[in-house]
Amino acid sequence: MFCVVLRKRKRNLSVQTSTELVSGPGSQFLRQEASEHITSLQRDQWITGDVRITLTFNMSKPTGQDMTTESELKKLACHFNWELHKEGVDLNLLEVKFTESLLVPGQHEKKFHGCSYNFLAFVKYLQGVSDKALQILEADLEENTNHFVTFGNLACLNHLMGNDAAARSYLQRIEGTCRALPNDSPHGLQRAVLSEKAWTLLRFSKRHYSRAKDLFYDALQKEPEDREWNTGYAFSLFRLEGLEIREDKRFPFEESPAVKQLKKALKIDPRNPMIHVYLGLKCYKNKRNSEAWEYMRKAIAMAPDDLCVVLQVAKFMKKEKAFDQALQVLKRMLQKVPNSSRLHHEIANNYRWKAVAMGEPHNPRLLHRCILHMEEGIRFNPSFVYPQVELAVRYAEMKNSEKAEKMFRALFDLPDLRPADLQACHRMYGDFHLYHLGAEATAVKHYKLGMSLGNISTEFKPCHSRLLKVLDSKRTDIFGIHEFLDAFR
């Protein structure tokens with residue numbers, strides 16, 4: 001059997017090749033085939049990142065070393081072997097993002113289409129819906145019959161579902177795919193696997209941004225003008241710099257490695273709308289608003305039907321209080337993807353903030369439209385908690401306290417509520433009691449519960465500021481706020 005194996009090895013450009021030869025019919029052919037592939041790889045030596053490619057040949061029934069199905073599966077280059085763990089990851093959001101993007105015609109280049117199916121299937125597996133994951137992977141094969149990573153995922157998933165016969169069959173298909181490669185093809189196979197791994201790490205979780213960056217960086221050392229590697233490296237730097245919350249710790253615009261790399265990537269790939277979006281966001285963060293608008297206008301002109309681009313540009317317009325422009329691009333996109341919960345949520349937010357900007361936060365016409373789109377978004381994605389918390393507050397603003405209370409109660413009763421979502425529930429439920437019901441004691445209780453979860457989301461500071469506000473309005477600290485806050489110092 002011939003397989004590609006990805007192993008961690010920090011920036012060590014090396015190739016390990018090995019042959020496991022057995023006696024019997026076909027052994028001479030196997031020896032010759034192995035020698036040809038090894039020679040080809042030694043000519044190429046294209047290995048990058050924390051990746052080591054090991055080419056291993058053995059017969060289907062090896063002698064001398066009893067290779068179990070499980071040990072063979074651990075060697076495969078696929079999502080199941082890339083250390084992607086669900087802890088701290090919003091799987092629902094990942095599922096929605098990739099499901100919705102796949103609904104948009106022409107959203108992906110062909111190679112990224114297969115990558116998206118692999119990613120979505122793995123997310124489904126982590127959500128405990130293995131049958132659905134299997135269905136997605138099998139559907140991918142109908143379009144992409146030689147996708148190496150897909151075969152690996154199918155082999156691993158079938159094994160985990162107890163179907164070792166199917167797992168073995170996919171291992172054999174991997175063998176067949178590799179045997180069919182011309183002698184000079186390992187470079188292309190390695191590149192495809194490396195590409196999918198790097199983009200998967202970048203998209204899966206912020207804890208993997210550095211790993212993705214290292215893969216793209218090392219690939220660039222071999223191919224410094226490559227379009228994909230430059231773009232991936234730029235996006236990784238952008239994401240990493242975005243993790244810094246403190247403004248005084250951020251890179252100035254002119255010194256930002258992300259900005260420099262984004263500009264380099266733009267020269268190589270000037271028609272990539274997301275490069276324009278990220279440069280626009282960098283400009284906006286650095287108060288270069290006119291430049292930000294220029295980048296954003298170019299991005300939306302290039303890709304008016306790209307869901308990711310539309311959402312990013314619309315959010316920028318909302319921050320700039322250009323609500324009507326944002327609503328225009330969002331509603332145009334909604335005609336293409338009417339079932340997008342994210343589009344409905346963003347439209348709702350624009351109506352809400354437009355009312356606030358007008359000085360009429362309880363404007364019944366705008367709040368009504370906001371609520372309609374929030375309800376639609378929740379209907380399409382009932383697992384997305386944050387919009388439901390916001391909807392409960394909007395009900396309260398429309399003087400429907402009973403409906404608001406009912407929704408909050410239902411949210412608190414949800415099993416396995418993510419800590420960040422629970423913190424949002426406590427903060428907004430506290431606001432509901434403080435501002436709409438005048439129940440300070442209940443509000444303080446929930447602000448304290450929210451803060452007790454720690455600084456895990458943007459809701460931590462609002463809980464703290466609300467407690468200070470209650471404290472400032474009282475002559476005496478009847479709710480023990482001082483003592484509670486002292487515990488956090």
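Tabulated results
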item: Tally, over segment 247-294, of residues that are closer than 20 Å to Val313 by Cβ, surrounded by fewer than 18 Cβ atoms within 10 Å (Cβ to Cβ) and of a type in the set (D, E, K, R); result: 8
item: Verdict on Val444 being within 30 Å of Thr99 (Cβ to Cβ) and of a type in the set (Val, Ile, Thr); result: no
item: Residue match in segment 158-175 (condition: assigned to a helix (DSSP H, G or I), modelled with pLDDT under 95, touching a strand residue (DSSP E or B) at 6+ places or on another chain (Cβ under 7 Å) and surrounded by fewer than 20 Cβ atoms within 10 Å (Cβ to Cβ)); result: yes
item: Residue in segment 123-142 that is assigned by TED's automatic domain parsing to the domain that holds Trp82, closer than 27 Å to Ile275 by Cα, touching a helix residue (DSSP H, G or I) at 6+ places or on another chain (Cβ under 9 Å) and in a helix (DSSP H, G or I) present; result: yes
item: Answer residue from segment 338-370, given it is polar (S, T, N, Q) and not in a helix (DSSP H, G or I) and is surrounded by the most Cβ atoms within 10 Å (Cβ to Cβ) among those; result: Ser340
item: Pick from segment 434-486, criterion polar (S, T, N, Q) and assigned to a helix (DSSP H, G or I), ranking: surrounded by the most Cβ atoms within 10 Å (Cβ to Cβ); result: Thr442
item: Test set (1) surrounded by fewer than 23 Cβ atoms within 10 Å (Cβ to Cβ); (2) more than 23 Å from the chain's Cα centre (by Cα) - Ala303 fails condition number; result: (2)
item: Segment 348-369 residues that are under 18 Å from Lys315 (Cβ atoms), paired with ones that are assigned to a loop (DSSP other than H, G, I, E, B) and not hydroxyl-bearing (Ser, Thr, Tyr) (beta carbon under 7 Å, 6 or more apart); result: Ala355/Pro361; Ala355/Asn363; Ala357/Lys321
item: Single condition Arg489 does not satisfy, out of (1) more than 28 Å from Glu402 (Cα to Cα); (2) part of a helix (DSSP H, G or I); result: (2)
item: Matching residues, segment 414-433, being at pLDDT below 95 and either more than 21 Å from the chain's Cα centre (by Cα) or part of a helix (DSSP H, G or I) (or both); result: Leu414, Pro415, Pro419, Ala420, Asp421
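The values are calculated or read from the model by the stated rules, or taken from the named source; none is laboratory data. The shown structure was predicted, so the numbers you read here are calculated from the model rather than taken from an experiment. Heads up, the Cβs are rebuilt from the backbone with ideal geometry, glycines too, and the neighbour counts pull from every protein chain shown.
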